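The values are calculated or read from the model by the stated rules, or taken from the named source; none is laboratory data. Note that the structure is predicted; figures quoted are calculated from it, not measured. Counting neighbours? That spans all protein chains shown, and the Cβs are built from the backbone with ideal geometry, glycine included.
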Amino acid sequence: MPERLSAREILALVTDEATFDELPGTIRNPTADGPLGWQGYDASRARAAERTGEEESVVCGTASVAGTRAVLIAFEFGFLGGSLGERTGDRLEAAYTHARAHRLPVVPLVATGGSRMQEGMLALTQLQRVARQSALTREAGLPQIAVLRDPTTGGGWATLGAGADVILALPGAQVGFAGSRVRPPDADPNAYTAQAQVAAGSADAVVRPEELRETLGCWLRLLTTPAQEAPVPHALGTAALPDTGWEAVRRARSPERPRAHTYLDACFTRRVTISGDRCGGTDPDGMLCGFGERDGRSVAYAAQTGAATRPSGYRTAARLIRLADRLDIPVLTLVDTPGAANDAEAERQGAGAAIAEVFGAVAAARVPVTTLVIGEGGSGGALALAAPGNTWATPDSYFSVIAPELAAAILKRPPEEVEATAGQLRIRPQDLVELGVVRGIVDTTGHPGS
């Protein structure tokens, strides 16, 4: 079991020294043993206060985290299991209201067992208050970054935790809607861990305590310092244009050609990744999504890696684009895929709907979206990430309505006519410029041309 830090200890761990200013707690007229008259409830609260030194299960305030100011909400698990009651809801609402009034990001440091039984349904309805405050903060264009501590269960996980834009977790933390005392007797305990939630796409990363301040500070900087627009990266491969369509295909498929990792490392001085579609899936081999820093400003990126993209990859990209749009951060997309995964499992996972999500996210984005085709542009699975009117290509790329081999098969042509079919499709970078599909071809010096 990981070490359980108190609210004050986790605040000291993540905030810059002497920067935490606690927000005043809302005073609610007490009733004997709470709203339900639960016998012994007052005594339980008094013991919790004496044991922890806190008046409620959350401590809220403002502080700097590696130089970026934020509102922090730290749960005190020692106070009745970090449970939510009416007074907890008062404090949470006040914290979110303060964040919106002062244009500050919100960082819930969650450690809770759920809603407070001694307050019955009045405690459970605090989740609706929290959800409302989170929604208003989202509409205000302010980021929310949750840190999951041990344990994070029940409604606290289903609102403050899972409802955040970015979710970080401490190693070994128990994370799940069902707490250990209410799970089925045959439940696999490994499914209720921070690592399992990251693997399932429900959280973004596990962060060691000693790295938490710097990691959280990096996220806060990147989500609050947007660039004006995304750059067009310069080409990293060959500078010469292909003579034929089939040559364009061979170059794009070459294992020596630079891939997304290389382009992202060259474009950004630092970057962080989001992981998962929040629907139970990840696609680390097919899609890279996150935020990068360039010249001190932030750009969001969704980059295909050269493999067939899975439905979870498309959903993660859509999540990234929608988040960037809310935070006014421009988006860079890198197109490089032979196409969307089309196996039976991909169909069962909703490939069509997932691709539609990305088309819709790009189409609806109010922030600038810039696209560079760095390799294969395979059909609609590639086009979904392409910005209409702002797509560029490298010399070692192609974009096609369908792979030349499949086009020849559909047309009932023999294999020896595949190369000629590639030429007929007009898929070379220079063909794409002439057809008006892309704006231009970028060279190795970073200057886009036509």
Flagged in region 375-425 as on the phi > 0 side of the Ramachandran plot and in contact with a Pro (Cβ under 9 Å, 6 or more places away or on another chain), in numbering order, are 379
Do the conditions hold for residue 349, that is, is it crowded, with 16+ Cβ neighbours inside 10 Å, in contact (Cβ under 8 Å) with a residue 60 or more places away in the chain, touching a Leu at 6+ places or on another chain (Cβ under 8 Å) and in the same structural domain as residue 334 (by TED's automatic domain parsing)? no
So residue 45 fits all but one of (1) surrounded by 14 or more Cβ atoms within 10 Å (Cβ to Cβ); (2) more than 18 Å from residue 117 (Cβ to Cβ); what number is the exception? (2)
Can residue 266 be described as of a type outside the set (D, E, K, R), closer than 26 Å to residue 237 by Cα, assigned to a helix (DSSP H, G or I) and touching a helix residue (DSSP H, G or I) at 6+ places or on another chain (Cβ under 9 Å)? no
Assess whether residue 154 counts as being modelled with pLDDT under 95 and on the phi > 0 side of the Ramachandran plot. yes
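Here's the yes/no breakdown for (1) in contact with a Cys (Cβ under 8 Å, 6 or more places away or on another chain); (2) closer than 25 Å to residue 161 by Cβ; (3) assigned by TED's automatic domain parsing to the domain that holds residue 151:
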position: 22; (1), (2), (3): yes, yes, yes
position: 26; (1), (2), (3): no, yes, yes
position: 32; (1), (2), (3): no, no, yes
position: 36; (1), (2), (3): no, no, yes
position: 45; (1), (2), (3): no, yes, yes
position: 51; (1), (2), (3): no, yes, yes
position: 55; (1), (2), (3): no, yes, yes
position: 68; (1), (2), (3): no, yes, yes
Residue in region 157-181 that is modelled with the highest pLDDT, counting only those that are touching a Leu at 6+ places or on another chain (Cβ under 6 Å) and among the aliphatic types (A, V, I, L, M): 169
Among the candidates 63, 32, 12, which residue alone is modelled with pLDDT of 95 or more, surrounded by fewer than 17 Cβ atoms within 10 Å (Cβ to Cβ) and hydrophobic (A, V, I, L, M, F, W, C)? 12
Criterion (within 29 Å of the chain's Cα centre (by Cα) and among the small types (Gly, Ala, Ser)) met by exactly one of 40, 113, 34, 53: 113
I'm trying to understand the selection: among the residues of region 375-390, which are within 23 Å of the chain's Cα centre (by Cα) and over 14 Å from residue 401 (Cα atoms)? 385, 387
Say we look at region 371-398 and pick out the residues that are closer than 15 Å to residue 231 by Cα and touching a helix residue (DSSP H, G or I) at 6+ places or on another chain (Cβ under 8 Å); which of these is surrounded by the fewest Cβ atoms within 10 Å (Cβ to Cβ)? 387
How many residues are over 14 Å from residue 108 (Cα atoms), in contact with a helix residue (DSSP H, G or I) (Cβ under 9 Å, 6 or more places away or on another chain) and of a type in the set (A, V, I, L, M) when one looks only at region 129-157? 2
Of the residues 415, 368, which single one is of a type outside the set (Gly, Ala, Ser) and in contact with a strand residue (DSSP E or B) (Cβ under 9 Å, 6 or more places away or on another chain)? 368
If you go through 208, 221, 183, the only one that is more than 22 Å from the chain's Cα centre (by Cα) and of a type in the set (Lys, Arg) is 183
Would you point out which residue out of 260, 239 is within 27 Å of residue 357 (Cα to Cα), touching a residue at least 12 places away in the same chain (Cβ under 8 Å) and either assigned by TED's automatic domain parsing to the domain that holds residue 167 or among the hydrophobic types (A, V, I, L, M, F, W, C) (or both)? 260
Out of 440, 436, report the one residue that is surrounded by fewer than 14 Cβ atoms within 10 Å (Cβ to Cβ), in the same structural domain as residue 367 (by TED's automatic domain parsing) and closer than 23 Å to residue 232 by Cα. 436
In region 220-244, anything in contact with a Pro (Cβ under 8 Å, 6 or more places away or on another chain) and surrounded by 22 or more Cβ atoms within 10 Å (Cβ to Cβ) is listed as 220, 223, 230, 235, 242
I'd like to verify a number: residues in region 272-292 that are under 24 Å from residue 442 (Cα atoms) and in contact with a helix residue (DSSP H, G or I) (Cβ under 6 Å, 6 or more places away or on another chain), how many? 5
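Among the candidates 361, 408, which residue alone is crowded, with 17+ Cβ neighbours inside 10 Å, out of contact with any Gly (no Cβ under 8 Å at 6 or more places or on another chain) and at pLDDT 95 or above?
361
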